[in-house]
Amino acid sequence: VFQLSLPLNFLGSVYRELRQSLLDMETLFSLQKVNVAIKEVPNAKPLQLTKGGEIKFENVTFGYHADRPILKNLSLTIPAGKKIAIVGPSGCGKSTILRLLFRFYDVQEGRILIDDQDIREVSLESLRKAIGVVPQDTPLFNDSIEHNIRYGDMSAPPEKVLAAAQRAKIHDIVSAFPEGYKTMVGERGMMISGGEKQRLAVSRLILKDPPLLFFDEATSALDTHTEQALMANINSILKEKARTSVFVAHRLRTIYDSDKIIVLKDGLVAQSGTHRELVDTGGVYSELWSAQETLFDEDGLEREVSIED
Ligand code: ADP
Ligand code: MG
């Protein structure tokens with residue numbers, strides 16, 4: 001029995017490890033909806049950020065099924081070094097825009113340019129290295145908190161991991177855990193809250209420090225106070241480094257200070273401008289803003305509400 005169980009155990013652990021790494025990949029892939037069919041053009045050149053990261057959608061039409069377009073002849077420009085927000089009802093294609101930029105899918109018509117280069121023509125590695133996303137659902141690896149943050153930069157020394165966690169407002173929480181940064185998370189690890197997960201994802205992004213940053217409802221699970229403190233830190237990083245950033249958000253409070261706000265509706269840009277301009281012009285955005293503005297109590301705490309209501 002002993003002799004038999006030894007190799008079986010050994011195989012079992014190899015199998016478990018293999019299965020685990022597949023599971024990690026699967027989690028990442030399914031949550032970020034990766035299409036493995038995307039291919040590079042032969043001799044793809046690396047993306048060159050010659051203008052500092054300007055993003056352009058030119059007449060983009062895309063649907064997960066060709067007969068059901070989500071984005072319809074959509075054109076928009078995200079200037080380099082600016083903070084842009086995309087708002088709109090659930091299901092209107094906000095996350096899809098981010099997935100297209102990461103090239104998890106290719107557009108059916110039109111093109112997406114980063115600093116004048118069609119993203120289908122650059123190497124996938126250079127494209128994905130240039131972009132960092134805090135996705136709507138953060139995939140956590142079945143590993144320590146430290147590893148989960150370090151996934152943003154595998155070679156980062158512990159002090160950089162810690163500094164990233166501090167800026168992402170998660171350091172104090174992690175420090176209070178008995179095992180600190182060695183605490184295991186993921187399916188078999190410690191249960192952590194949605195807000196803690198989101199802050200781990202933000203730490204990961206801060207550590208990766210990419211030129212283009214996307215936040216997809218990245219702070220939706222946080223209370224208003226933590227959200228504001230975290231946003232202040234994120235804003236200071238973006239300013240300091242003049243990064244191009246795109247925020248998808250339901251709570252307009254988190255994005256009203258953006259350089260440009262794009263309101264999506266029915267696969268098209270319904271409105272765009274600064275908060276001031278959009279409020280002054282009236283329309284969808286200003287209606288949403290006044291609806292949400294009345295929904296904070298005296299302590300600044302938000303009552304349950306989202307853009308869909
Ligand atoms: P938003 O982020 O604005 O809420 P999404 O971009 O996630 O919306 O989705 C836009 C539309 O595309 C929705 O109707 C959604 O159901 C659909 N959709 C999203 N992902 C897929 C997918 N992988 N396959 C098919 N349809 C999808
Ligand atoms: Mg979404």
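General observations
- Against the test of being within 14 Å of ligand 1 (Cβ to nearest atom) and touching a residue at least 60 places away in the same chain (Cβ under 8 Å), the options PRO46, PRO69 yield a single qualifying residue, PRO69.
- Tally of residues being outside any loop (DSSP other than H, G, I, E, B) and within 16 Å of ligand 2 (Cβ to nearest atom) across region 236-251: 3
- For the condition of a type outside the set (Phe, Trp, Tyr) and modelled with pLDDT under 95, PRO139 qualifies.
Yes/no per residue for (1) crowded, with 21+ Cβ neighbours inside 10 Å; (2) under 30 Å from GLY195 (Cβ atoms); (3) touching a Cys at 6+ places or on another chain (Cβ under 6 Å):
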residue	(1), (2), (3)
CYS92	yes, yes, no
ARG99	yes, yes, no
ARG103	no, yes, no
LEU113	no, no, no
ASN142	no, yes, no
ILE145	yes, yes, no
SER155	no, yes, no
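- Condition check for GLN108: open to solvent by 60 Å² or more (accessible area, probe 1.4 Å) and within 16 Å of ligand 2 (Cβ to nearest atom): no
- Qualifying residue in region 226-241 (condition: open to solvent by 40 Å² or more (accessible area, probe 1.4 Å), within 16 Å of ligand 1 (Cβ to nearest atom) and farther than 24 Å from PRO158 by Cβ): no
- Cβ-Cβ contacts under 8 Å between residues 6 or more apart (or on different chains), taken from a first residue in region 94-109 that is among the hydrophobic types (A, V, I, L, M, F, W, C) to a second residue that is open to solvent by 20 Å² or more (accessible area, probe 1.4 Å) and near ligand 1 (Cβ under 9 Å from one of its atoms), are listed as PHE104/LYS33; PHE104/ASN35.
- Considering region 40-73, the residues that are assigned to a loop (DSSP other than H, G, I, E, B) and within 11 Å of ILE114 (Cα to Cα) include one that is least open to solvent (accessible area, probe 1.4 Å), namely GLY53.
- Criterion violated by ARG199 - all others in (1) of a type outside the set (Asp, Glu); (2) surrounded by fewer than 23 Cβ atoms within 10 Å (Cβ to Cβ); (3) under 22 Å from ARG150 (Cβ atoms) satisfied: (2)
- Count - residues of region 170-190 that are part of a loop (DSSP other than H, G, I, E, B), farther than 20 Å from GLU227 by Cα and open to solvent by less than 100 Å² (accessible area, probe 1.4 Å): 6
The values are calculated or read from the model by the stated rules, or taken from the named source; none is laboratory data. All of these numbers come straight from a predicted model, not from anything done at the bench. Here the Cβ is made from the backbone with ideal geometry for all residues, glycine too, and neighbour counts use every protein chain on show. Side chains are part of the model used for accessible areas, which takes the heavy atoms of the whole protein and leaves out ligands, DNA and RNA. Shrake-Rupley method; radii C 1.70, N 1.55, O 1.52, S 1.80 Å.
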